[in-house]
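Structure, as structure tokens:
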Amino acid sequence: MVDGKREKSWQAGPLRIRVTLPDDAPAPKERLTVERIVDAAMDLMAREGYDAVSMRSLARALDTGPASLYAHVANKEQLDQLVLDRISAELVVPAPDVEHWDEQLRQVMRDMLELYRRHPGSARAAVGMIPAGTGALRTVEGLLAICDAGGIAPQASAWFCDLAAAYVTAIAVEETIWIQRQNTTPSGEQPDHEALDVQLRTLMESLPAAEFPLVTSLAGVMTAGDGDDRFEFGISVLVAGLAAVSDNYR
């Protein structure tokens, strides 16, 4: 520091060049990389939701222009692929266990849902997306290996990968929508899920029994259980169904 100013020097061959910079000189911008772009996209998704992420809003968040982003990411679809690949890279798929392959599949689906929960908005990026990144394809490879250990036919295994991903993603997106609706609850109040269940059950029970005999009589069981209970039921049905139909696809 000289007279309130900063000094910086550069080595140029045998010469050292020293330049005095004013105190308020802006720091150089951090270099733009694909990793920084994905970080910013996931942060924006978590704070404002998937729909808030566009190449233009992302450029603003990174204090750059859209043209700079396009030098690293071709379009929003590729950005979604990168986000999905980042999420998938965090998923640990176990080595196949012949004795417990069915529980392994269920656990992988639980872990997939937990990843989406940890990264709000990311599930929406996966909707309608065919995985093309190495992280996502590594997950597919692991699922296929577990299915193979369970003696599942190759075609059934392949389609199960699609079905499992679609189910978990749909649950994650639905949870995101529920959270958004909860955020409309007046400040200082908590969403009353039990009250909602009571309202729904009351509605079902109030229907004409002659026209809705099953809905009215089963209103209690139709409104029973929370989201985790229903998710567990779904993955159990998927895995049991996979084993039951596998021989039809040999």
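The values are calculated or read from the model by the stated rules, or taken from the named source; none is laboratory data. Note that the structure is predicted; figures quoted are calculated from it, not measured. Glycine also receives a Cβ, built like all others from the backbone with ideal geometry; neighbour counts cover every protein chain displayed.
Overview of values
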read-out: Filter result for Ala132 (out of contact with any Asp or Glu (no Cβ under 7 Å at 6 or more places or on another chain), at pLDDT below 95 and either assigned to a helix (DSSP H, G or I) or of a type outside the set (Phe, Trp, Tyr) (or both)); value: yes
read-out: Candidates Gln155, Gln180 - the one that is touching a Lys or Arg at 6+ places or on another chain (Cβ under 9 Å), surrounded by fewer than 20 Cβ atoms within 10 Å (Cβ to Cβ) and in a helix (DSSP H, G or I); value: Gln155
read-out: Residues satisfying the stated conditions in segment 224-250, i.e. of a type in the set (A, V, I, L, M, F, W, C) and surrounded by fewer than 13 Cβ atoms within 10 Å (Cβ to Cβ); value: Ala224, Phe233, Val237, Ala240, Ala244
read-out: Subset of segment 202-250 [charged (D, E, K, R) and in a helix (DSSP H, G or I)]; value: Glu205, Asp228, Asp229, Arg230, Glu232, Asp247
read-out: Single condition Leu105 does not satisfy, out of (1) farther than 30 Å from Val239 by Cβ; (2) assigned to a helix (DSSP H, G or I); value: (1)
read-out: Residue that is surrounded by fewer than 17 Cβ atoms within 10 Å (Cβ to Cβ) and either within 27 Å of Lys76 (Cβ to Cβ) or among the polar types (S, T, N, Q) (or both), where the choices are Arg110, Arg138; value: Arg138
